[in-house]
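Contents: one structure, followed by commentary.
Read-outs throughout are calculated quantities, based only on the coordinates presented, and are distinct from any laboratory measurement. Predicted, not measured: the structure shown is a model, and the values here were computed from it. No Cβ is skipped: glycine too gets one built from the backbone with ideal geometry, and neighbour counts run over all protein chains shown.
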Amino acid sequence: MQENKKISNKQIRALMVSTIIGIGILTLPNVIVLELGNDGWIGIILGGLLMLPSIIAINKIFQLYPDRDFFEIGKIVLGKWILNIFLILSLVYLIASMSLISRNLGEITKAFLLETTPIEVIIISFILTTSYIARSEIEIISRAAYHIYPIILGFIIFLIIVTLPDIDLSNALPAFQLDIGKLPKAIMISFFSYLGFEILLFSIPYVEDKRKTLKSSLVGIGLVIFINVLIFFITLSQYGSHYLGRQIFPTLSVIKEVDLPGLFIENLDGLAMAFWVLIVFASMAPIYYITGKILSKIISTKDHSLFILPLLPIIYILSLMPQNIIQVSSSLGNIINYSGFVSVVIMPIIIYIVGYLKTRKEEKK
Amino acid sequence: MRKWVLLLYIFILAIISTGCWDMVEINQWLFPYSIGVDINHKEGDKYLITISYPNINAIGKNATQKERVHVVSTIASSVFEGSKELSNRLPYPFYFKHLRVLVLGKEVAKDEKAVREVLDGLIRDFIINKKVRLVLAEDKAQDILLGVPKASRQEVIEGTLFSMLREDRTTTRYTSQTLTEFVRKMDITGVSLMPRIVSREDDIKVFGGAIFKNYALVGYIGELENRALALMRGIANRAQIDSVYNGTTLTYSMTGCISKNKLIKEDGNIKFKIDIETEGTLQEYIIQDKKPTDGTVELIEMEKAIEDTLKSNIDETLELLQKKYKADAIGIGEYIMKFHPKVWKEIQKDWDDIFPELDIEVVVDAKIRRRGLTK
């Protein structure tokens, strides 16, 4: 590893927040409220906590084998073939989620901002822009994430301030009317909003001070949980659970509700969309980078940037396959949920457990 | 290699990102203030859509035209079809982002399906601001919109109707209703309100309220009933309350109001209690000849008189809501749902039958904090 390829722990935190927070933030309050009602926040928190073992496992892997990157460790622990099977599954997940992101971005931008622009153009220019940054190395992506991170936090703060006059906290009542039987499905739903932290697998080897990485990645996921819960409460206290169940994009709808007296601030959805496109960009770029990286490892080339542009048409075509917005979430969403679960939760944990056993064995000898 | 890739990028991005499909100069849009919806009784489609929008040429110092508001109507099967239809006739298309008021005609309001259709269209639309104020016309929505230019109050920028509806902060004669809130209330208890509007010869007046149950108009309340309702819901801000004390009219200017709800469970039966606390100023009484007494006794009696007025006002309103309309416009159902979810689960299904029989006790506590300059 070269000396200048270093990422700070702050950047890791930023990278996690900006990668995980993406399209899910617009729809999460709605889908979770349909399942759990007013207690949706429990599902959101539990969904986030479910990620903890795998985040810890990812961090521990790199403590077992310091100074090696993920692919080397995987090869040592699982062997080349098993690793490749996992990697191909990851590819399915990554490409599907990129298509989902692009399609959603296209649909929402078209609906809210650019009515007559063809969706194909929106999608392809978005993928092109992302592919530019995806060609660079991880430290550049994490620097970019570090700059977008305050924008995300700013967006949330902005959202709180403008919605404050209309907030009625009694809408969040009654609390704790939980139906335990519905919890697993709700966690499954919120799971999708937490995908994206697999970027840790590819960024931790380049971190300067590895002792603090676990802490900052946990702070990162903590921030994400906090933001998701906050957005849930903002939308819930504005709408109440019945009406929230109607809204497909509650976060944007809440912004449309803003109507401060004096006609000074209203119709902020355009502004919010501009923020949101940046946020989505920040979550798409690392995923794109990982995809290129994995492809280059499977085919054993040195440079991942070769694969970025050839991926573009695949993402583009796949993103235009679903016939309508309902199909988008049902078909692509299902692929992502299952392959994502295997590649970001099961794979790191298996690698960690097997690696742990192997290193113990070697120590004993 | 790198150079070529970079060049390719610049080339593709330059083609894609120059120009804009959606570019429309701002003066080539029409920004409607209000939409009126009526049922069309003549031949053709179901609705008569009326749209009013400002005449940009009549605004500003060097106005070239006199007529400030344009009102256009068409017959169409839906609001959006109507607006498309009108766009063909008018110089520019409509842009509904700044739409402020939806006026429903009386006939539309009585037709549950029509109300559902119209509101769904507005709430589903990406562009329309969901804070659109709803208002019910006494007769036809078209008459109201045509009457607006004649009103003595004129607001060109934000629209006359909207500026009137927004004034509900200083009065309890009506309570303005937004689209979101209307549907939200409907979702919970199936009852929502919207103010009424009437166009007289040379003026326009917003007053009272219309009760909607399951998206259909079931009845009206007047200004006094609306005041009582606002007091019970705790949303009344400022109001003038006239009552009689010692045979003279006593005017009390209310400056604040808090209402507290309470559900009392007594062996299986439920009772509801509303505590209303108002505070305000003595606005007008009568000049007395003798040296006025400085007694607190008198003040307390005055408070009592005000309380009695409000109490009878509220009781009449409750009678009207419970017995005549059977509509929970007070939001009692919502309160029970939020704070007593277990009770709500039991009674939710039969709420329509329970509400008319519900024992509602109202306690009014009026406080005179100030009494003006004279004793």
Query raised in the report: Once the Cα atoms of helix A:24-36 and of chain A are each reduced to a long axis, what angle between those two axes, in degrees from 0 to 90 to the nearest 10, is obtained?
Result: 70
Report task. Show me B:278-285, A:42-49, A:13-20 ranked by packing, highest mean number of other Cβ atoms within 10 Å first. Result -> A:13-20, A:42-49, B:278-285
Query raised in the report: Which whole-number percentage describes the relative contact order of chain A, with Cα contacts under 8 Å and a sequence gap of 6 or more?
Result: 41
Query - At least 27 Å along the helix axis (C-alpha) and Kyte average at least -0.5, DSSP helices within chain B - result: B:296-319
Query raised in the report: What residue among B:Val218, B:Thr248, B:Ile270 has its Cα farthest toward the positive end of the dipole of the stretch B:202-274, where the charges are +1 on Lys, Arg and -1 on Asp, Glu, each on the Cβ?
Result: B:Ile270
Requested in this report: Find the centroid of the Cα atoms in the stretch A:160-237 and in the stretch B:329-374, then give the distance between the two in whole Å.
Outcome: 36
Report task. Run down the lysines and flag those whose C-alpha is under 24 Å from the C-alpha of A:Lys212, throwing out any fewer than 8 positions away in its chain. Result -> A:Lys5, A:Lys6, A:Lys10, A:Lys60
Report summary line: If R0 = 60 Å, then B:Phe339 and B:Lys3, at their Cβ-Cβ distance, give a FRET efficiency to the nearest 0.05 of 0.30
Query raised in the report: Hey, if you put +1 on the Cβ of every Lys and Arg and -1 on every Asp and Glu Cβ in chain A, which of A:Phe155, A:Gly47, A:Ala272 ends up farthest toward the positive end of that dipole?
Result: A:Gly47
Requested in this report: Can you tell me which of B:248-256, B:346-354, B:94-102 comes out highest on packing, and rank the rest after it, using the mean Cβ neighbours within 10 Å?
Outcome: B:94-102, B:248-256, B:346-354
Requested in this report: Extending each Cα 7 Å along its Cβ direction at A:Lys358 and B:Asn214, get the distance between those two points in nm, one decimal.
Outcome: 6.7
Requested in this report: As a check on your grasp of the helix formula, calculate [θ] at 222 nm for chain B: sum -39500 (n - 2.57) over DSSP H runs of n ≥ 4, divide by the residue count, round to the nearest 500.
Outcome: -10000 deg cm²/dmol
Query raised in the report: Where does each of B:Glu357, B:Glu307 land when they are ranked from fewest to most other beta-carbon atoms within 10 angstrom?
Result: B:Glu357, B:Glu307
Query raised in the report: Normalised by the number of residues in chain B, what is the relative contact order in percent for Cα pairs under 8 Å and 6+ residues apart?
Result: 12
Query - MRE, 222 nm, helices only [DSSP H, n ≥ 4, -39500 (n - 2.57), over chain A, to nearest 500] - result: -23500 deg cm²/dmol
Query raised in the report: Among B:Trp4, B:Trp29, which comes first, then next, by fewest other beta-carbon atoms within 10 Å?
Result: B:Trp4, B:Trp29
Requested in this report: Past 27 Å, Cα to Cα, is the threshold; run B:Lys185/B:Lys205; B:Lys213/B:Lys271; A:Lys110/B:Lys84; B:Lys185/B:Lys260 against it and keep the listed order.
Outcome: none
Requested in this report: Just rank B:Thr178, A:Thr116, fewest to most, by other beta-carbon atoms within 10 angstrom.
Outcome: A:Thr116, B:Thr178
Query raised in the report: Against the longest principal axis of chain A, how steep is helix A:40-64, in degrees 0 to 90 to the nearest 10, with axes from Cα atoms?
Result: 20
Query raised in the report: Roughly what % antiparallel, to the nearest 5, for the DSSP beta bridges in chain B?
Result: 70
**Report entry** Gain upon complete extension [B:Asp308, B:Ser77; 0.36 nm per residue less C-alpha separation]
**Finding:** 78.1 nm
Query raised in the report: Taking the Cα centre of chain A as origin and charging only Cβ (+1 Lys, Arg; -1 Asp, Glu), how large is the dipole, in debye to the nearest 20?
Result: 1680
Query raised in the report: Using alpha carbons only, how many degrees (0 to 90, rounded to 10) separate the axis of helix A:138-163 from the longest principal axis of chain A?
Result: 20
Report task. In nm, give the distance between the simple-model label positions of B:Val363 and A:Val342, each being 7 Å from the Cα along the Cα-to-Cβ direction. Result -> 6.7
Requested in this report: Let me know the mean shielding of B:329-338 by other chains, meaning the per-residue number of their Cβ atoms within 10 Å of its Cβ.
Outcome: 2
Requested in this report: Note down the relative contact order for the stretch B:76-224 as a percent, whole number, built from C-alpha pairs under 8 angstrom at least six residues apart.
Outcome: 24
Report task. Work out from phi, with θ = phi - 60° and the Karplus expression 6.51 cos²θ - 1.76 cosθ + 1.60, the ³J(HN,Hα) of each residue of the stretch B:347-359, listed in order in whole Hz, and give x for Gly and Pro. Result -> 9, 3, 5, 9, 4, 4, 8, 6, 4, x, 9, 5, 7
Report summary line: Using alpha carbon centers only, the stretch B:248-271 is separated from the stretch A:16-32 by a whole-angstrom value of 43
Report task. Return the whole-Å distance between the Cα centroid of the stretch B:104-176 and the Cα centroid of the stretch A:329-365. Result -> 58
Report task. Using only the Cα atoms of the stretch A:149-207, build the gyration tensor, take square roots of its eigenvalues as a ≥ b ≥ c, and label the shape rounded, prolate or oblate: rounded if a/c is under 1.5, else prolate if a/b is larger than b/c, else oblate. Result -> oblate
Report task. Just the number, please: Stokes-Einstein D of the protein assembly as shown in µm²/s, Kirkwood Rh from C-alpha pairs, 37 °C, 0.692 mPa s. Result -> 111
